[in-house]
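Report on the structure given below.
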Amino acid sequence: MAPPAGHIRPWRYLATFVGVVAILYSLVFFTGDGEVTPELGIDLQGGTRVTLTARTPDGTPPTPEQLDQARQIIEERVNGLGVSGAEVVQDGSNLIITVPGEEGEQARSLGQTAKLYFRQVVGQPVPVQPPPPGGQGAPAAPGDGQPSPGGGAAPSPGPQGSQPQGMPVPVAPQQAQPPPSPPPGAGEAADPDVAAEIQQARESRQSTDPAVQQLALRELNCGAADPLRGNADPRLPLVACNQDGTAKFLLAPAFMSGEQVANASAGIPQGRTSYIVQLDLTGRGGEIWGQWTGAHVGDRAAIVLDGEVVSAPQIQGPIPGGSAEITGQFSQQEAQDLANVLKYGSLPLSFEISESEVISPSLGLASLQAGLIAGAIGLAVVFVYCMFYYRMLGLLTILSLVLSGAIVYGVLVLFGRWIGFTLDLAGVAGFIVAIGITADSFVVFFERLKDEIREGRTFRSAVPRGWVRARRTILAADAVSFLAAAVLYVLAVGQVRGFAFTLGMSTVLDLVVVFLVTHPLVVMASQSKRLSRPSLSGLGAVQRMAARDRTTGGAAVKGA
């Protein structure tokens, strides 16, 4: 037979809570890598913060759609790199990347534009510095002696110094094509310096005039910042450097773009000794690649990333199929970074790093210490108030808060493993605010008990009736707090979302503790003759007041 409303079997609820805690901490200790501390955010453990400033070819401000698309792509790159707790936040025309811990150096490569094009190399590369006498130590042209894209050895065409210096580089005739028309509204609120710099670079380095091309080859400074990074027109020729800055290239218009790349991966193929980036092409990309290599045997195909030549192997024969390779002097990390930025797509804008700072964990730890001290002071004040005002019920409040903290800690550890949640200072503030919300649930219940006792009920009989009435108020209050936290989480950005997340999580866990711990403990106290004594329960004054009111009310009725 089910107990009446408000009457429960407290041991069942407490046993359920113990089971929940046992399962929770079993997952904490016996899953994952054995780490039993929450993941900390950048403001607590230190890290790197990089600010990327967007640049458009004509200097106009980027559109919100472009910035949002770039933010999403960079977030995908962050996930692909396996960086835990990283954050990408839009701030005006900037994107701010924060990466906690020692993985911050990877943040510098996340904003790479990754506009990939395949172009034919016209003539021979021009070395930036003349090779020393005898050819010893001469810089090798990118791709010399390296495998050609798609497989097959590509023999070296000879040292770069084989071409006499000062001789004109052979230039294939190019058909002049008009530059792309600027977008509507270009020039309105444009940065004239940026637009002029990009236009000047295009006029010299993307000219179809052979004389201008030769002049651009001689004057190009491979060590300077490239205004055409991510802004080069693929329909026009291009004078560019390789990534090492050791050689200059004259390149024909692009015959295939990175949009034809379906996937990218890094590794060392069997029989090789260096890392490569393997590109899996789309069906259309495979057709273009096979036709072009078949028609250009003996030529070089430059793989150009953001205006820089990554590799320029010689085509030894037709390469059918849907794959290609980017070869070069890659380290493992460089190859993996390149594969990731290609795999997750090209950014719709070009970016430059306008600010990069390393955040020391000492400042975050000092702030964390201050936050913990503030939380301890708050808890102490709540404890003193509860003990003074509720006595034995105050002890139940303290015990419930301690158990709530134990659940919160375990959930934080698991969320850090499963969803990459990191605890930052804003999250600590959310937990401190949640202490008041949790304590408020206890106050609502205890004050409802006092109301029932004022109506003449005993402590034991007041508990079930008071709980039924207090339960609705507690649920309504926590529902409002949770909805506020959810709305704040959806609309906010940055660390404010951490505050909203911890506040909402604490609100949910508050209900678990109140229903499975606080209420059953109060029921057990009311059923104990020792614990229900007025001197211990803290309800003696209320009972005396209720008795006096009944006596006064009865005398008044008798006199009437």
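Of all the criteria given as (1) in contact (Cβ under 8 Å) with a residue 12 or more places away in the chain; (2) in a loop (DSSP other than H, G, I, E, B), the one not satisfied by Gly271 is (1).
Scanning region 462-484 for residues that are touching a Gly at 6+ places or on another chain (Cβ under 7 Å) and touching a residue at least 40 places away in the same chain (Cβ under 8 Å) yields a total of 4. Number of residues in region 301-320 that are within 35 Å of the chain's Cα centre (by Cα), modelled with pLDDT under 85 and β-branched (Val, Ile, Thr) equals 1. The single condition from (1) surrounded by fewer than 21 Cβ atoms within 10 Å (Cβ to Cβ); (2) part of a strand (DSSP E or B) that Ala302 fails is (1). Within region 493-517, residues that are in contact (Cβ under 8 Å) with a residue 12 or more places away in the chain reach partners that are small (Gly, Ala, Ser) and outside any helix (DSSP H, G or I) with beta carbons closer than 9 Å, at six or more positions or on different chains, in the pairs Gln495/Gly41; Gly498/Gly41; Phe499/Ala492; Ala500/Ala492. Name the one entry in Asp478, Asp451 that is part of a helix (DSSP H, G or I), over 25 Å from Val402 (Cβ atoms) and assigned by TED's automatic domain parsing to the domain that holds Tyr389. Sole residue among the options that is part of a helix (DSSP H, G or I), over 25 Å from Val402 (Cβ atoms) and assigned by TED's automatic domain parsing to the domain that holds Tyr389: Asp451. Within region 36-86, the set of residues being assigned to a loop (DSSP other than H, G, I, E, B), at pLDDT below 80 and among the charged types (D, E, K, R) comprises Asp58 only.
May I ask you to list the residues in region 321-362 that are farther than 24 Å from Ser274 by Cα and modelled with pLDDT of 75 or more?
Hits for region 321-362 are Leu347, Pro348, Leu349, Ser350, Phe351, Glu352, Ile353, Ser354, Glu355, Ser356, Glu357, Val358.
Filter region 190-235 for residues that are assigned to a loop (DSSP other than H, G, I, E, B), over 40 Å from the mean Cα position of the chain (by Cα) and in contact (Cβ under 8 Å) with a residue 40 or more places away in the chain and give the result. Residues satisfying the conditions do not exist here.
The values are calculated or read from the model by the stated rules, or taken from the named source; none is laboratory data. Because the structure is a prediction, the values reported are computed rather than measured. Please note: Cβ atoms are built from the backbone with ideal geometry, for glycine as well, and neighbour counts cover all protein chains shown.
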